[in-house]
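Quick note: the coordinates plus some simple rules give every number you see, no bench work behind them. Fair warning: this is a prediction, and the values are worked out from it, not measured in the lab. Here Cβ is always computed from backbone atoms with ideal geometry, including for glycine, and neighbour counts include all displayed protein chains.
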Amino acid sequence: MVIEPSGASEINNYEPGDLWYFEKGHGHSIQCIGDKPCHFILSFDNGAFSEHGTFSITDWVNVTPKDMLAANFNLPKDFFDVFPKGETYIQSGPILPVSQALDAPWPRESTHKFRLLKDPKAMRDFEGGTFRLASVDEFPASKNMSGGQMVIKSGKQRNLHWHTNANEWNYYLRGKGQVALFGSGGRGKVFDVNPGDAVYIPAGFGHAIRNSGNEDLEIVQTWDNGKFEEIDLDKWLRASPNYLLANNFTGVPESTISKMKET
């Protein structure tokens with residue numbers, strides 16, 4: 001669940017492929033439902049984020065004078081003697097059956113939940129694989145971040161491109177790949193990626209991702225801007241006059257340049 005400064009709150013149940021977004025400082029909690037573990041990836045729009053900068057209700061109650069708690073909740077102060085001491089970060093409890101879990105979603109235009117793998121608005125497939133995107137255009141609540149899932153087929157790649165307005169963070173779930181990174185001024189780097197690896201790509205850095213393995217390469221991606229923007233290198237070339245490209249690529253036959261623009 002999440003609660004906003006207005007006092008409005010939303011409770012959602014989630015399945016694999018769903019996204020949950022809420023703004024900085026909004027109260028929230030996560031509980032596993034059903035008899036299977038729940039695994040998820042947390043992503044933040046600030047690399048300086050720290051768990052030490054967050055607070056829990058148990059920690060807050062523990063350090064607050066009991067007479068203040070009594071006045072706040074209109075209860076005798078000795079009622080708070082049995083409350084947990086310190087912070088309860090992840091706590092075991094009775095299994096909550098899925099059938100008993102409250103689900104109270106908001107309307108689509110304001111909900112904190114987005115069905116990334118099921119919503120047709122998220123689909124942006126490309127020749128080498130599939131791409132599912134949740135930006136503010138698809139997921140209106142996500143004003144400060146965009147997220148997605150990319151699957152690149154074996155031997156294929158996400159071609160050279162860059163993001164104009166956001167830093168990119170990738171987490172590799174499955175498969176093997178290779179990332180080529182370009183940072184201007186002759187700076188470039190090529191490195192291999194495997195499941196469990198994370199990659200950070202600063203805004204404006206050109207890059208491509210190739211599947212170098214025998215199975216699909218699956219990536220969870222996030223950007224620190226709700227508006228998703230990218231430019232592909234081949235589109236830039238196609239938009240440029242041949243004489244401009246010839247001046248840049250001195251010595252390259254015009255026929256080669258023309259073929260480059262046909263991709």
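List of remarks:
- Sequence-separation-based contact order of the range 129-261, relative, with Cα cut under 8 Å and 6+ spacing, percent: 32
- Split the chain at each of the GluC sites (Glu not before Pro) in a DSSP loop with at most 12 other beta carbon atoms within 10 Å, and the longest piece is 1-108.
- Volume per residue of the convex hull around the Cα atoms, evaluated for the chain, comes out as 178 Å³.
- FRET E, pair Y243, N214, Förster distance 45 Å, beta-carbon r, rounded to 0.05: 0.55
- Between the range 202-249 and the range 3-26, the alpha-carbon center distance in angstrom: 32
- Whether the range 116-229 is rounded, prolate or oblate, judged on the alpha carbon gyration tensor where a/c under 1.5 counts as rounded: oblate
- Inter-site label distance for F22 and T130 at 7 Å from Cα along Cβ, in nm: 3.0
- P(r), alpha carbons of the range 30-77 - 5 Å bins starting at zero, rounded %: 5, 13, 15, 13, 14, 14, 12, 12, 1
- Residues S135, S154, S50, arranged from fewest to most other Cβ atoms within 10 angstrom of their Cβ, appear as S50, S154, S135.
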